[in-house]
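Written out below as structure tokens is the structure these notes cover.
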Amino acid sequence: MPATVSAIADAIAGGVPAFAAGDAKVARDVRAAVRTALDRFLDLIGTDEPALPPRIREVFVALGAAEAREDRGPEALLTALRLASRLMLRTASEALSDLGPVGAGALIDLSDAVSAFIDELAAASTDGFALQVRELAGEDDRRRQLAELLLRGNAPADTVAAAAARVGWRTIGTVVPVLLPRDQARDARFRYGPDGVVAERERDAVLLLRDGPRARREQLADALRGRGAVVGPALDWARVPQSVRLAELVSPDPADVVFVDDRLASLALGGETGALAVLAERRLAPLAHLRPTQRESLLATLRSWLRHWGSRADVAAELYVHPQTVSYRLKRLRELLGDDLDDPTARFELMLVLASSP
């Protein structure tokens, strides 16, 4: 690995004038990027994982953005990637041949894998370049306007839709707010590009992510670890102020990402009605599509069942129904709520929500 990293980095420095040796920082960045790419390529062997997880993709997004800041086009970076691709394929082919005869099929598979991987790196780099160009051209102002409208919360729907369209959001539905230290605002703009808008406030910054893969919990946990982020509940765009307020009530953890969804019960117990409302939506969502009478009967059964620790006889006596009716309703509840009925945390939160409802 060290020899391969050095060979590719030296070839790029010698073959691409923009990355020519002489600037120590550029040389370090090129070497680090090559090492990151090769490490990831080897990690992918034998797996079905996505080519670039967020932390790897960001390295090449940042490289593309740096090219735009240097007032260069993306050609130099793409040339460097093509050069790296040829050297990767040559080095890997030679390594395989050292082990024994190599069939044409193996070489074709290897070539396809290298080409596909380099394509992913090129896409990330050009995305970073485009993001930086848009910011330099005033895109940031339009994004800031949308962020301010969402944070205000009382703007007309057509006004918000028009502002969203100006930043490339064809629709606007669910939004995930992320509270960050103020010095993370610029990084968040680059990191989330077309998927998020950022508003800087006096003490912090708010990243507002539209619903999508990059707003999923696992992606956020990976990308924002160690940045002091607090992730608010995903709610409809008109309720962004409510979600932000809940996030403001939770203390950040400098070493990890804090999700308000994990703190809704404690906030509700502290008297935060907004947290209780969101918790109720989350826990009772599987019943939302039922007819009102059916939903109420199942909720009454669930409330009694939780209170009586699963005693069907006590539930039947309290509700004045036959035990077989209780059994039927519980079967239906299990179909709807699944493992939540056996999970201690979920049961507690269900009890909290049902105890607080009329």
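The values are calculated or read from the model by the stated rules, or taken from the named source; none is laboratory data. This is a predicted model, so every value here is computed, not measured. Here Cβ is always computed from backbone atoms with ideal geometry, including for glycine, and neighbour counts include all displayed protein chains. Surface areas here come from the heavy atoms of the whole protein model, side chains and all, with no ligands, DNA or RNA. Shrake-Rupley method; radii C 1.70, N 1.55, O 1.52, S 1.80 Å.
Residues in the range 202-221 that are of a type outside the set (Asp, Glu) and open to solvent by 70 Å² or more (accessible area, probe 1.4 Å): Arg203, Pro213, Arg214, Arg216, Arg217. Pro233 satisfies every condition listed in (1) open to solvent by 50 Å² or more (accessible area, probe 1.4 Å); (2) within 15 Å of Val353 (Cβ to Cβ); (3) touching a Pro at 6+ places or on another chain (Cβ under 9 Å) except (1). Scan the range 15-53 for residues that are more than 13 Å from Glu120 (Cβ to Cβ) and either basic (Lys, Arg) or open to solvent by less than 30 Å² (accessible area, probe 1.4 Å) (or both) and the total you get is 10.
For the range 123-162, filtering for residues that are hydrophobic (A, V, I, L, M, F, W, C), over 14 Å from Ala238 (Cα atoms) and buried (at least 19 other Cβ atoms within 10 Å of the Cβ) leaves 3. All conditions in (1) among the β-branched types (Val, Ile, Thr); (2) closer than 17 Å to Val250 by Cα; (3) over 13 Å from the mean Cα position of the chain (by Cα) hold for Val197, with the sole exception of (2). If we scan the range 122-135, do we find a residue that is of a type in the set (A, V, I, L, M) and over 22 Å from Ala188 (Cβ atoms)? Yes, because at least one residue in the range 122-135 is of a type in the set (A, V, I, L, M) and over 22 Å from Ala188 (Cβ atoms). Filtered by the rule that a residue be under 10 Å from Pro177 (Cα atoms) and free of Cβ contacts under 8 Å to residues at least 60 places away in the same chain, the range 206-228 gives Val206, Leu207, Leu209, Arg210, Ala215. Within the range 327-355, residues that are buried (at least 18 other Cβ atoms within 10 Å of the Cβ) sit with their Cβ atoms under 9 Å from residues that are of a type in the set (Gly, Ala, Ser) and not in a helix (DSSP H, G or I), at 6+ positions apart or across chains, in these pairs: Leu330/Gly310.
Only a single criterion out of (1) under 18 Å from Leu287 (Cα atoms); (2) open to solvent by 60 Å² or more (accessible area, probe 1.4 Å) is not satisfied by Asp314, namely (1).
Taking each residue of the range 108-119 that is part of a helix (DSSP H, G or I) and looking for partners that are open to solvent by less than 40 Å² (accessible area, probe 1.4 Å) with beta-carbon atoms closer than 6 Å, six or more apart or interchain, yields Leu110/Ala92; Val114/Ser85; Val114/Met88; Phe117/Phe41; Phe117/Ala51; Ile118/Leu81; Ile118/Ser85.
Mind listing just one residue for me: the one in the range 174-201 that is open to solvent by 30 Å² or more (accessible area, probe 1.4 Å) and modelled with pLDDT of 90 or more and, of those, nearest to Val230 (Cα to Cα)? Checking each candidate, the answer is Pro181. Here is the figure for the range 238-253: residues that are in contact with a helix residue (DSSP H, G or I) (Cβ under 7 Å, 6 or more places away or on another chain) and open to solvent by less than 40 Å² (accessible area, probe 1.4 Å) total 5. The condition of being among the small types (Gly, Ala, Ser) and in contact (Cβ under 8 Å) with a residue 40 or more places away in the chain holds for Ala62.
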